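Written out below as structure tokens is the structure these notes cover.
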Amino acid sequence: MKSTLMRLKEKTKTWLSPKHEFNSESTEFKECYAAAVLLQTQLSDAISPLDHFELLRLLSFGLGLGKEEVKSAIILSKNKEKVLESILDYLDTEKKRIIFLMDLYMLSYVGDDFGDKEEQAILIYGELFHMGSQELKLIRAMIKAAMEEELSECMNIYYSMAQVKMDCSLENIRYYIPELEYTSVIDTSVLYPGRKVHINGQCRLRETLVVPKGCHIIFQNAKLKIKAPIIVNGAKIEIINSEFTYDGGNFDSMIKLTGDSSLIVRSSKFYCRNYCGVVDQSAGYIDLLDATFYESNLKSAVNFRGDEMIVVKCHFHNCYLNGNGAAINSQAKKGLIGSCDFEGCFSDYGGALYVKSPVKIIDSRFRHCHSTKLGNSIYYLGDAMKYVNKTLYESDYEDRAELVQRFDDVDDLVGVKEISCSTHFANEIPIMFSNRIYIHDSNIYLSNTLKASGGMLIEQCLIKPYDFQGEDLLEIINGSAVEIKSSTFDGKGQYGGISATGTRLSLFSVTFKNTNKGRAVYNSVDLHAEDCIFNNCNGGAIYGSRALIKNSTFVNCRAERGGACYLAGSKGLIKRCTFEKCVAMIEGGAISRFGNYQIEECTYDECEP
């Protein structure tokens, strides 16, 4: 039975345990490695592998193996010859062999010494690795001191290992002595073109780290506190199983990349503490997998303007920006954002994402993101319907405002036959539809008059101005088969609704409100309006000819003539309509008509004159 003190020590060691050097290796490597160390523990006469604390710590906490992977390793361990052959192939560097031998010694230490059979097996491995006797003695002494928690002796042995040039770092030793605390300062002089540099352990960056062209820097199992940025100019940087934390300093992004640079991130975390972004890259390539970004500010967590961007299974939490795209601002030439989570992100355009076509966004989730302008979750420059798929939104803000696509000119609409997500038409765009375009279930934000001709069906939409420069929201010239259903036009008290010169226009259950400086519907031919509402139309509701208007309501409409309707033509019908508080300056508070119009079953209340 283990004593209470021993159980407490094991719990403390587990809690402090860092990741093993091989934690980021492939699953095949780790399963083979686990099988090899299992064979070592099976040699012991003193303890069963099932009761071996250090074996459990190595497999679960060090290597990060799950139950199924451990099961596979157990099955593999039954074929000793295959395990031996494979492990010799995998351990292809001196550093890997040293770590393997340290693990074997650690697992062989039971009570207060190493088992004879276990140590004999280690010596055989030493011969296979061509390891010298001095190196083996140092490895043995290091693990013995570590298991006995002799920290000062461990450091003395480490310095002896360094003197004989054994490839082993303090971070490697720290796995065996989790209580060991140290912090190193990164020396910028070690970086020069053509050199590959590994950085691990607890580090502090106090001055700007410039990575020159041709250099390759790898942060692996590192915990980096940053007081100055990393500047990468045409170099390669990898960040694996590491943590970067803002620790003071005046800079807007932790890592800035220019030239033909590449950034690869795997299973790492970035803590910005509301003081900076993480990546600002103007050229090159970026590949992020299983990275987590917390509380970025001043710049997007990832601001990318290079060639290709891959962001997969990443997480962005509480990113904030007085700009566009708090989590990601991308103008990549191509790229993918897939299976990512965004929570509590806030900015101007695109609370979480400000992305330019043709970057794909798929299988991602957005929770409680918000923008001060458009696109609470995503503001997409281009055809979002083509490139954004399978996204999930959870929000308390305006309906259909999570994803907004932006069209700037006619070229953006080439080949578009359907618009089914909220859209910002940023400029005055003349649109000629050879076929009938279908716009539905969307918010349409107009910064200038949307000019169109050809066929059009609008259904379940809200059309409203946004930083608007124009008179009418929609201008249709010589349109054919233009039909609008169950939609709302909001002039915001400043702009007209639809100008439909030479166009046969059909309106069903459409609301026009707060129009100004023009009619809600102007100059339509053969207008058909049914079950519509015209509310607060300053400048009048309808101007047209040969109109059929049924079951519609006009409230607070004002104009010089025909406060609600000004109609001409040889025929027309207004039936079962309601007019309330409609006023004309000259004549026809409700209706001014010319021609053979019939008015049937209509009611009037407080209309003047």
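The values are calculated or read from the model by the stated rules, or taken from the named source; none is laboratory data. Since we're looking at a predicted model, the values are computed, not measured. Cβ placement follows ideal geometry from the backbone for every residue including glycine, while neighbour counts extend to all protein chains displayed. Accessible surface is based on the protein model in full, side chains and every heavy atom, while ligands, DNA and RNA are left aside. Shrake-Rupley method; radii C 1.70, N 1.55, O 1.52, S 1.80 Å.
In terms of its alpha-carbon gyration tensor, region 102-144 comes out oblate; a/c meets the 1.5 threshold, while b/c is at least as large as a/b.
Compute the separation of the alpha-carbon centres of region 157-177 and region 298-359 and state it in Å as a whole number. Cα centres, region 157-177 to region 298-359: 41 Å. Against the main long axis of the alpha-carbon atoms of the chain, helix 4-16 sits at an angle near 50°. In percent, rounded to a whole number, the relative contact order of region 230-272 is 60, using alpha-carbon pairs under 8 Å and six or more apart.
Based on Cα contacts under 8 Å between residues 6+ apart, region 194-233 shows a relative contact order of 51 percent.
What is region 515-609 by shape, rounded, prolate or oblate, if you read a ≥ b ≥ c off the alpha carbon gyration tensor as root eigenvalues and call it rounded for a/c under 1.5, prolate for a/b larger than b/c, and oblate otherwise? Verdict is rounded for region 515-609. Each Cα pair under 8 Å and six or more residues apart adds its sequence gap; the mean of these over the residue count of the chain is a relative contact order of 4 percent. For region 445-571, a simple Cβ point-charge model (Lys and Arg +1, Asp and Glu -1, everything else neutral) yields a dipole of about 280 debye relative to the Cα centre.
Go ahead and run the numbers for FRET between Glu81 and His198, Cβ-Cβ distance against an R0 of 35 Å, rounding to 0.05. Taking R0 as 35 Å, the efficiency between Glu81 and His198 is 0.55. Could you tell me which of rounded, prolate or oblate describes region 163-283, using a ≥ b ≥ c as the square roots of the eigenvalues of the alpha-carbon gyration tensor, with rounded for a/c under 1.5 and, failing that, prolate when a/b is larger than b/c and oblate otherwise? It is oblate, given that a/c is not under 1.5 and a/b is not larger than b/c. If the label point is 7 Å along Cα→Cβ of Thr292, which residues in region 236-258 have backbone nitrogen under 15 Å from it? What the label zone holds, given the 15 Å backbone N cut-off, is 241-245. A dipole drawn for region 43-135 from +1 and -1 charges on Cβ atoms has a positive end, and of Leu84, Ser133, Gln120 the residue lying farthest that way is Leu84. Within the set of other residues whose C-beta is less than 15 Å from the C-beta of Cys461, count the net charge using Lys and Arg as +1 and Asp and Glu as -1. That works out to -3. Note on Glu530 and Asn274: with the Förster distance fixed at 35 Å, the Cβ-Cβ geometry gives a FRET efficiency of about 0.05.
With Cα atoms defining each centre, region 191-260 and region 535-588 are spaced 69 Å apart in the structure. Expressed as a whole percent, the accessible surface of the chain that belongs to carbon and sulfur atoms is 47, based on a 1.4 Å probe. Think of each Lys and Arg Cβ as +1 and each Asp and Glu Cβ as -1; about the Cα centre, that makes the dipole of the chain roughly 940 debye.
From the coordinates of this entry, Kirkwood radius over Cα pairs in Å is computed, and it appears in [x] 26.8; [y] 43.8; [z] 29.1 under the label [z]. Identify, among Gln469, Met106, Ile437, the residue whose Cα sits farthest towards the positive end of the charge dipole of the chain, taking +1 on the Cβ of Lys and Arg and -1 on the Cβ of Asp and Glu, with the dipole about the Cα centre. Working it through, the farthest residue towards the positive pole turns out to be Gln469. For the listed residue pairs Lys19/Lys386; Lys227/Lys334; Lys213/Lys299; Lys144/Lys196; Lys96/Lys333; Lys67/Lys96, the alpha carbons are over 31 angstrom apart in Lys19/Lys386; Lys227/Lys334; Lys144/Lys196; Lys96/Lys333.
For region 46-129, trypsin sites (Lys or Arg not before Pro) are listed when DSSP marks them as loop and at most 13 other Cβ atoms sit within 10 Å of their Cβ; the list is Lys78. Between Thr488 and Cys461, Leu462, Ile463, Thr511, the built amide H atoms are under 5 Å apart, and every one of these is 5 or more places off in sequence or on another chain.
Helix 27-41 and the long axis of the chain differ in direction by around 30°, with both axes built from C-alpha atoms.
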